[in-house]
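The values are calculated or read from the model by the stated rules, or taken from the named source; none is laboratory data. Predicted, not measured: the structure shown is a model, and the values here were computed from it. Heads up, the Cβs are rebuilt from the backbone with ideal geometry, glycines too, and the neighbour counts pull from every protein chain shown.
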């Protein structure tokens, strides 16, 4: 497998991201974590409780990292590519919602 450039574009990064998220369980855990983050974001705005954003971040990363360490058995891409991984999380979430990617 080819290595990514030091500073890949998202188009270069996303196929790598998908390879790191091949297992059904990993994708489900990411989907749950991202859903909880979005729920906490809405709750933070509606309830005027900004600390709920932090709860959402902890939930999102918690579910995702469980998927990586215990299902996929790899190191989260967030450790090396934090912004690209965040974008990848939301792209995968959207792709799963619209059926472009499978759980």
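Structural remarks
- Segment 39-74, residues that are surrounded by fewer than 15 Cβ atoms within 10 Å (Cβ to Cβ), assigned to a loop (DSSP other than H, G, I, E, B) and in contact with a helix residue (DSSP H, G or I) (Cβ under 9 Å, 6 or more places away or on another chain): 49, 50
- The residues of segment 91-103 that are assigned to a helix (DSSP H, G or I) and in contact with a helix residue (DSSP H, G or I) (Cβ under 8 Å, 6 or more places away or on another chain), listed by number, are 91, 92, 93, 96.
- Conditions (1) modelled with pLDDT under 95; (2) surrounded by fewer than 14 Cβ atoms within 10 Å (Cβ to Cβ): number failed by residue 77: (2)
- Scoring residue 5 on the criteria (1) surrounded by fewer than 17 Cβ atoms within 10 Å (Cβ to Cβ); (2) touching a helix residue (DSSP H, G or I) at 6+ places or on another chain (Cβ under 9 Å); (3) not in a loop (DSSP other than H, G, I, E, B) leaves a single failure, condition (3).
- Here residue 21 fulfils each of the conditions (1) within 26 Å of residue 6 (Cα to Cα); (2) touching a helix residue (DSSP H, G or I) at 6+ places or on another chain (Cβ under 8 Å); (3) part of a helix (DSSP H, G or I) apart from (3).
- Scanning segment 75-90 for residues that are outside any helix (DSSP H, G or I) and in contact with a helix residue (DSSP H, G or I) (Cβ under 6 Å, 6 or more places away or on another chain) yields one hit, 76.
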